[in-house]
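Scroll down for the structure; my scribbles are underneath it.
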Amino acid sequence: MKLSGIRVLDFSRFMAGPLISSIMADHGADVVKVEGPDGDPTRAGRRTRTTQNAGDSFSALNRGKRSIVLDLKQPEDRHAALELIRDADVLIESFSPGVTARLGIDADVVRQLNPRIVYCSISAFGQSGPLRDAAGHDPAVQALAGILPLDRNGAPVIPAVSIASWCSAHSALAGILMALIAARSSGLGDHIDISMHDVALSTRPNALFNALAESAGAPDVTLGYAMLEPYETEDGRWLCLGAGEPRFARALLTALERPDLVTVALDKPGAAQDPLRVFLAEEFRRKPLAAWLEWLAAHAVSAVPVLRYAEAMRHEHVSARGMLLADPHGNLHLDTPIRFEREPGKPNLHVPGLGEHTAEIRTAAGLS
């Protein structure tokens, strides 16, 4: 696999950091999850399956890793951590800024010990700035970055997806891989400072220039194109149009005998498209979802049903793509979405127990 031979020490907890190392483990990296005596807090989360030895979130984000328990407040365990660092290629941490210095594993210390290591710090607001010491969970980061979803009345909505964490993890992964490539020739690693807030700011490129041009009190652009929005159907279900191209607008509105609205569909996004939104909302309430999907397909208009997450997992396309894996107990898991033709990822679905590999890892490192 692509990352075979890469050693990763993961000191992170919760979502963003573990997601980075989970993807690396899926593609062959040897990931050692370093946990305190109480373990990652997500170990204690909700368990859906009787075969689980940890919570749902922990199980999904920490498969294929090895777990060692080290209390970094104790000199002996701190020494053990430094010995492991000597042979590592990557270190990931998600402590609050300043904590690693108190624990003796900050980037300066680690890179003196191992100059080629890639050290990735991921936190809510980064290692510098007036908010560096502030705690911030995903909704709060989204709110401050101006990306928290809003309803049609402008009221904020709690998001279903931890987009700041998810995007930060993938940004960090890209940074780590770039730094590893650079270290091959230079022999020197790097310190990557990932701020979830920085990443969240970058998630709306379509609205960026407008936001930079506006005064602070100007209204946000919350509405887009009517041909790219969800609409409720007669049976209380929802469909989402994916028909942003002119050909779809012409096909749909001609078939619905409203070709006069094509110019509205092709106009600028926002309130200017409200007449089209009103018309489509009224039309789609006339038939149930299944009838509309069949009708839209017959007229070559792109549209999909709005599914719950559990429904989405059972969609035929997910199965056809081979995105579901079964463990020895018959439980289903999601495969890695990074699909290589050569050396594809092969996720190890085993979820480590707290400290399961402590003795094994210490022995391999020559530690008592």
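The values are calculated or read from the model by the stated rules, or taken from the named source; none is laboratory data. Values in this document were obtained by computation on a predicted structure and should not be read as measured data. Quick reminder, even Gly has a Cβ in these numbers, built from the backbone with ideal geometry, and neighbours come from all protein chains shown. Areas reflect the complete protein model, heavy atoms only, side chains present, ligands, DNA and RNA absent. Shrake-Rupley method; radii C 1.70, N 1.55, O 1.52, S 1.80 Å.
Residues of segment 73-100 that are aliphatic (A, V, I, L, M) and either over 26 Å from residue 368 (Cα atoms) or modelled with pLDDT under 95 (or both): 99 alone. Of the residues 308, 339, 258, 250, which single one is under 23 Å from residue 63 (Cα atoms) and among the charged types (D, E, K, R)? After ruling out the rest, the residue left standing is 339.
Pull up segment 134-146, narrow it to residues that are open to solvent by less than 50 Å² (accessible area, probe 1.4 Å) and within 15 Å of the chain's Cα centre (by Cα), then point me to the one that is farthest from residue 97 (Cα to Cα). Step through it out loud before you land on a result.
So the first thing to find is which residues in segment 134-146 are open to solvent by less than 50 Å² (accessible area, probe 1.4 Å), and the list is 134, 136, 138, 141-142, 145-146.
So of that shortlist, the ones also within 15 Å of the chain's Cα centre (by Cα) come out as 138, 141-142.
Values: 138: 17, 141: 16, 142: 20 Å.
Taking the candidates together, the pick is 142.
Do the conditions hold for residue 325, that is, is it open to solvent by less than 60 Å² (accessible area, probe 1.4 Å) and under 22 Å from residue 59 (Cβ atoms)? For residue 325, the condition - open to solvent by less than 60 Å² (accessible area, probe 1.4 Å) and under 22 Å from residue 59 (Cβ atoms) - is met. Only one of these conditions is not met by residue 169: (1) modelled with pLDDT under 95; (2) touching a Gly at 6+ places or on another chain (Cβ under 8 Å); (3) over 21 Å from residue 85 (Cα atoms). Which number is it? Of everything listed in (1) modelled with pLDDT under 95; (2) touching a Gly at 6+ places or on another chain (Cβ under 8 Å); (3) over 21 Å from residue 85 (Cα atoms), residue 169 misses just condition (1). Only helices (runs of 4 or more DSSP H) whose full extent lies in segment 263-368 are considered here, and the ones with at least 3 residues that are under 30 Å from residue 226 (Cβ atoms) are 274-284, 289-298, 309-313, 316-320.
Only one of the numbered conditions (1) within 26 Å of the chain's Cα centre (by Cα); (2) under 25 Å from residue 164 (Cβ atoms); (3) open to solvent by 40 Å² or more (accessible area, probe 1.4 Å); (4) not β-branched (Val, Ile, Thr) is not met by residue 238, and that is (2). Please determine whether any residue of segment 253-272 is among the acidic types (Asp, Glu), modelled with pLDDT of 85 or more and more than 25 Å from residue 298 (Cβ to Cβ). There is at least one residue in segment 253-272 that is among the acidic types (Asp, Glu), modelled with pLDDT of 85 or more and more than 25 Å from residue 298 (Cβ to Cβ). Scan segment 167-195 for residues that are open to solvent by 60 Å² or more (accessible area, probe 1.4 Å), touching a residue at least 12 places away in the same chain (Cβ under 8 Å) and over 20 Å from residue 95 (Cβ atoms) and the total you get is 1.
Does residue 202 fit the bill of being of a type outside the set (A, V, I, L, M) and either open to solvent by 50 Å² or more (accessible area, probe 1.4 Å) or modelled with pLDDT under 95 (or both)? If you could, list the steps in order and put the result at the bottom.
Working: of a type outside the set (A, V, I, L, M): yes; either open to solvent by 50 Å² or more (accessible area, probe 1.4 Å) or modelled with pLDDT under 95 (or both): yes.
It is true that residue 202 is of a type outside the set (A, V, I, L, M) and either open to solvent by 50 Å² or more (accessible area, probe 1.4 Å) or modelled with pLDDT under 95 (or both).
Hey, any hits in segment 155-165 for a residue that's touching a strand residue (DSSP E or B) at 6+ places or on another chain (Cβ under 6 Å), closer than 30 Å to residue 73 by Cα, polar (S, T, N, Q) and buried (at least 19 other Cβ atoms within 10 Å of the Cβ)? The answer is no, given that none of the residues of segment 155-165 is touching a strand residue (DSSP E or B) at 6+ places or on another chain (Cβ under 6 Å), closer than 30 Å to residue 73 by Cα, polar (S, T, N, Q) and buried (at least 19 other Cβ atoms within 10 Å of the Cβ). Looking only at segment 28-68, residues that are open to solvent by 10 Å² or more (accessible area, probe 1.4 Å), in contact with a Lys or Arg (Cβ under 6 Å, 6 or more places away or on another chain) and closer than 14 Å to residue 169 by Cβ come to 0 in all.
Kindly indicate the residue of segment 1-15 that is among the aliphatic types (A, V, I, L, M) and at pLDDT 95 or above and also surrounded by the most Cβ atoms within 10 Å (Cβ to Cβ) among those meeting that condition.
Among those residues, the one meeting the criterion is 9.
Give the residues of segment 122-133 that are under 14 Å from residue 95 (Cβ atoms), small (Gly, Ala, Ser) and more than 16 Å from the chain's Cα centre (by Cα), sorted by residue number.
From segment 122-133, those under 14 Å from residue 95 (Cβ atoms) are 122-127, 132-133; that's our starting set.
Then keep just the ones that are small (Gly, Ala, Ser); that gives 123-124, 126.
Residue satisfying the conditions is 126 alone.
Cβ separations smaller than 8 Å between residues 6+ apart or across chains give the following pairs from segment 239-255 residues that are within 14 Å of residue 276 (Cα to Cα) to residues that are open to solvent by less than 30 Å² (accessible area, probe 1.4 Å) and among the charged types (D, E, K, R): 241/229. Of the residues contained in segment 278-288, none is found to be free of Cβ contacts under 8 Å to residues at least 12 places away in the same chain, more than 32 Å from the chain's Cα centre (by Cα) and open to solvent by less than 70 Å² (accessible area, probe 1.4 Å).
Given the structure, is residue 109 open to solvent by less than 20 Å² (accessible area, probe 1.4 Å) and not in a strand (DSSP E or B)? Step through it out loud before you land on a result.
Working: open to solvent by less than 20 Å² (accessible area, probe 1.4 Å): no; not in a strand (DSSP E or B): yes.
No, not satisfied.
All conditions but one from (1) surrounded by fewer than 16 Cβ atoms within 10 Å (Cβ to Cβ); (2) under 15 Å from the mean Cα position of the chain (by Cα) apply to residue 152; the one that does not is (2).
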